[in-house]
Amino acid sequence: MTRRTHWIVWPVAALVLAVILFFGVRSFLWGIDPPERGVIAKGDLPITIDSKCVENALRKRFPDLNVMAGSAGEVPEGKFQMIFDYYHPTANTSAVLTFIDLGRSSRVEHFFLGHGEKLRQEVFPPALQAMATASGALQSDCGVDLSPLKLKPIGQHVDALD
């Protein structure tokens with residue numbers, strides 16, 4: 001290494017080391033999964049929900065609907081969680097409706113989330129509109145009223161909720 005190139009090598013090396021340290025510390029603080037950011041409404045509704053009706057209602061409004069069923073996490077033993085992923089404007093954000101049939105009631109979550117960095121405020125108005133469309137579809141087509149579930153921000157302030 002000559003004296004002429006020496007002045008550039010050390011600052012570049014220091015910058016690379018700083019970037020590695022930043023992402024390493026951030027990953028350590030976040031753990032394996034980065035934090036969720038967005039909005040969520042959740043709670044128990046005193047009704048049972050017809051998953052086929054929900055699927056048909058959402059598919060009419062959101063043709064790219066993905067439907068899944070699972071029983072992991074906080075799902076009570078012997079029960080299944082229905083997951084309706086209906087709006088995904090970017091690779092790391094999506095609006096999802098989930099429910100678990102508990103017999104005489106249903107545990108419902110309706111959310112728009114991303115993971116990691118804070119979401120830009122401009123992503124929320126169209127996402128909230130998609131969520132309102134989904135809620136309206138469930139109300140009109142299936143008789144499921146999600147209005148008792150109130151949206152709350154997760155991981156960041158959401159101007160559109162003010």
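Read the figures in this text as sums done on the coordinates, not as results from a lab. Given the structure is predicted, the values throughout are model-derived calculations rather than measurements. Virtual Cβ from ideal backbone geometry, glycine too; neighbours counted across all protein chains shown.
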Three-way shape label, the range 36-161, alpha-carbon gyration tensor, a/c 1.5: prolate
Packing-based exposure ordering (other Cβ within 10 Å, fewest first) of Leu97, Leu113: Leu113, Leu97
Taking the Cα-to-Cβ direction at Thr90 and at Val67 and moving 7 Å from each Cα, how far apart do the two end points lie in nm? 3.0
Under 11 Å, Cβ to Cβ, from Arg59 - net charge with Lys/Arg +1 and Asp/Glu -1: 0
Between Ser140 and Arg120, how high is the FRET efficiency from 1/(1 + (r/R0)^6) when r is the Cβ-Cβ distance and R₀ = 45 Å? Nearest 0.05. 0.90
